[in-house]
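Novice: Submitted below is the structure of interest, expressed as structure tokens.
Please treat every number below as a calculation from the coordinates, not as lab data. The structure presented is a predicted model; accordingly, all values stated were derived computationally and were not measured. Heads up, the Cβs are rebuilt from the backbone with ideal geometry, glycines too, and the neighbour counts pull from every protein chain shown.
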Amino acid sequence: MDVKWKCGCPPAALHAIGPEQYADPSGRFERTTAGAASTHTPDGPATAIAIRMIAATNKENYRGTIFLNQGGPGGSGTNLLGCMGKNIGDVVGPSFDLLGFDHRGTGMTTPLAWCCDTESERAICNTQEGHQLLNASDDSVRVYHARAKLLGQRCEKKLGGEWGIGRFVSTPYVSRDMLEISQMLRQDKLQFWGFGSVLGQYFTAIYPDKAKRLVVDGVYDAENYKAALWNTNIVDVDRVVDALFDFCHQAGPHKCALYESSPDRIQQRFFRVLERHKLYPVPVPHAETPVIITRIALLARFFYSTDAAAASLHSRGAGYWPGTDNIGPCTPAGPCGNAPPYCQ
């Protein structure tokens, strides 16, 4: 595996060029990232992992590289570094390199795990999602189930097969990519900060002797994740939402637009707004992309904004999650953000 650094934006220029050979999960073949296939690896397709680095400025007290993981799953690490790299650097100090990378199949890494032929095709498919929240008393669950089957069948066709990228984008493979990138950078052990904890848990379980320091933010039940249940992560949702009303009241009217005289009144106002948008969606015709603000759209923004706000508190910076550009200057379309030069 060779690393080729290029300076400048956009992150399309920031590829750590492989080839990283695809692996066979059955164990029949041994994966290699040495640039040439080993005797156990067929001449299969390769992936180029996109990485981005902000170099340490205190060379005399250099303390190694910290790998940043946006979470998601599927969030762009190169975009995270562009949006929040300077702020994270203020937290950890000038003695560390900061490195973000796009996982296999995502972001600027190639090939993409992409189930649509075009952006417009994806947009048309998304319009069929509708504006209903899941409710067992109506047809919303059946509609979502049908859409999930459609997506699964579409992805199987586009990404499946013996050498399709779909087989080689799992968390263990991404863990191996981190190990080998760190070795290419001559780091004996991994230092990791993840805004999402599953990747960090997998890495330490697979390579316990290669983990030096890890910060896992938003700790997730990895066994639940592995079983594809994804239900333990919603146990405390109501408590988190209730905390919003308490913190809004503590912040006061100048810092919280929903402020009322008590947390209970703030809660009532919040749900009145949601109910009003359920009955009377609001058109926004002059937005860059004209939209209709519905109840489900507000709830989706609320969900993503709480994720981004949590990251913002930890890094003293702006939010980074798609759809939360209102709380910070950074969006996926503007990846350079406030990051200083990231290569030497």
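Novice: Over the stretch 144-261, what is the mean sequence separation of C-alpha contacts under 8 Å (at least six apart), divided by residue count, expressed as relative contact order in percent?
Specialist: Values: 90 pairs, mean separation 17.6, N = 118.
With pairs under 8 Å counted, the relative contact order is 15 percent.
Novice: Which of 131, 114, 164 sits farthest toward the positive end of the charge dipole of the stretch 114-166, with +1 on the Cβ of Lys and Arg and -1 on the Cβ of Asp and Glu?
Specialist: Projecting each Cα onto the dipole axis, the largest value belongs to 164.
Novice: I've got another one for you. Once amide H atoms are placed 1.01 Å from N in the peptide plane, what residues at a sequence separation of 5 or more from residue 50, or on another chain, have their amide H within under 5 Å of its amide H?
Specialist: Distant-sequence amide H within range of residue 50: 16, 102, 109, 110.
Novice: Scan the stretch 196-296 for GluC sites (Glu not before Pro) in coil per DSSP, keeping those whose Cβ has at most 13 other Cβ atoms within 10 Å, and list them by number. Intermediate values should be presented prior to the final figure.
Specialist: On the way: sites: 223, 260, 275, 288; in loops: 260, 288.
Taking the stretch 196-296 and a limit of 13 other Cβ atoms within 10 Å, the loop GluC sites (Glu not before Pro) found are 288.
Novice: Enumerate the amide H contacts of residue 196 below 5 Å, restricted to partners 5 or more residues apart or on another chain; note that Pro and chain-start residues carry no placed amide H.
Specialist: 217
Novice: At a Förster radius of 35 Å, what calculated FRET efficiency corresponds to the Cβ-Cβ distance of residue 254 and residue 279, to the nearest 0.05? Intermediate results must be reported in sequence, preceding the final value.
Specialist: On the way: r = 31 Å, r/R0 = 0.88.
So, using R0 = 35 Å, E works out to roughly 0.70.
Novice: Further, regarding this structure: Obtain the nm distance between the two label points defined at residue 271 and residue 147 by a simple spin-label model: each point lies 7 Å from its Cα along the Cα-to-C-beta direction.
Specialist: Here the modelled spin labels are 2.5 nm apart.
Novice: Still on this model: Over the stretch 114-166, calculate the relative contact order: mean separation of alpha carbon pairs under 8 Å at least 6 apart, over the residue count, as a percent.
Specialist: Details: 23 pairs, mean separation 21.4, N = 53.
Once normalised by length, the contact order is 40 percent.
Novice: Follow-up question, since we're still on this one. Could you give the alpha-carbon Rg of the stretch 114-166 over 2.2 N^0.38 Å, rounded to two decimals?
Specialist: Compared with the compact-globule rule of thumb, the stretch 114-166 sits at 1.34.
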